[in-house]
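Below is one structure, written out as structure tokens, with a few remarks after it.
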Amino acid sequence: MERLDGVACRSMLEFLPNTPIFTSDDYDMFQLVSLLRCGSYMVSSRYHGIVTCMPSLVASAGVTMDERIRNLMRERGHEHLFLTVEDPDLETKLLQVMETLVAEVDSSATASAAR
């Protein structure tokens, strides 16, 4: 979403060809918010990305590099839906979190709305 994330997103095209990339280089904040709120699931290391999708009941999980996502997930009762960027087993755990997110989509989205 953020311009500075564009390089990392484009590097993922090698593994996920034909995946759309939406950054502030090409879209304004209103368009980006609309895109976020059309999703079903959100996994992000961006606090504002997660918070922005919550009013539309998008089920979300986070990868935290500071206290904001950690605190948000704890407030929602979703301690099991966040990881830290320095986790040595991040890839494996992230896949597990995404599976949990899909399995618990109703409770995750409801908690998002209640916040």
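Rule-based calculations on the coordinates, nothing more; no lab input. No experiment lies behind these values; they were computed from the predicted model shown. Neighbour counts run over all protein chains shown; Cβ positions are idealised from the backbone, glycine included.
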Exercise for review: Write out the GluC sites (Glu not before Pro) in the range 16-115 meeting two conditions: DSSP loop, and at most 12 other Cβ atoms within 10 Å of their Cβ.
Suggested key: E86
Review point. Is the shape of the chain best called rounded, prolate or oblate, per the rule: a/c under 1.5 gives rounded, else a/b larger than b/c gives prolate, else oblate, with a ≥ b ≥ c the square roots of the Cα gyration tensor eigenvalues?
Key: oblate
Check your understanding: Long-range amide H contacts for S45: which residues qualify at under 5 Å (H placed 1.01 Å from N, peptide plane, sequence gap of 5 or more or a different chain)?
Key -> V63
Review point. How large is the dipole of the range 26-73 about the Cα centre if only Lys and Arg carry +1 and Asp and Glu carry -1, each at its Cβ, rounded to the nearest 20 debye?
Key: 160 debye
Revision key, fill the gap. HN-Hα couplings for the range 79-91 via Karplus (6.51, -1.76, 1.60; θ = phi - 60°), in whole Hz with x for Gly/Pro, come out as 4, 7, 10, 9, 10, 9, 4, 8, 4, x, 10, 4, 4
Check your understanding: To the nearest 20 debye, what charge dipole does the range 24-107 have about its Cα centre, counting +1 at the Cβ of each Lys and Arg and -1 at the Cβ of each Asp and Glu?
Key -> 280 debye
Point to revise | In sequence order, calculated HN-Hα J values of the range 30-47 (Karplus, 6.51, -1.76, 1.60; Hz; x Gly/Pro) | key: 5, 5, 5, 4, 4, 4, 4, 7, 8, x, 9, 9, 9, 10, 8, 9, 10, 3
Revision key, fill the gap. Everything considered on the Cα gyration tensor (a ≥ b ≥ c; rounded for a/c under 1.5, else prolate if a/b is larger than b/c, else oblate), the range 20-63 must be described as prolate
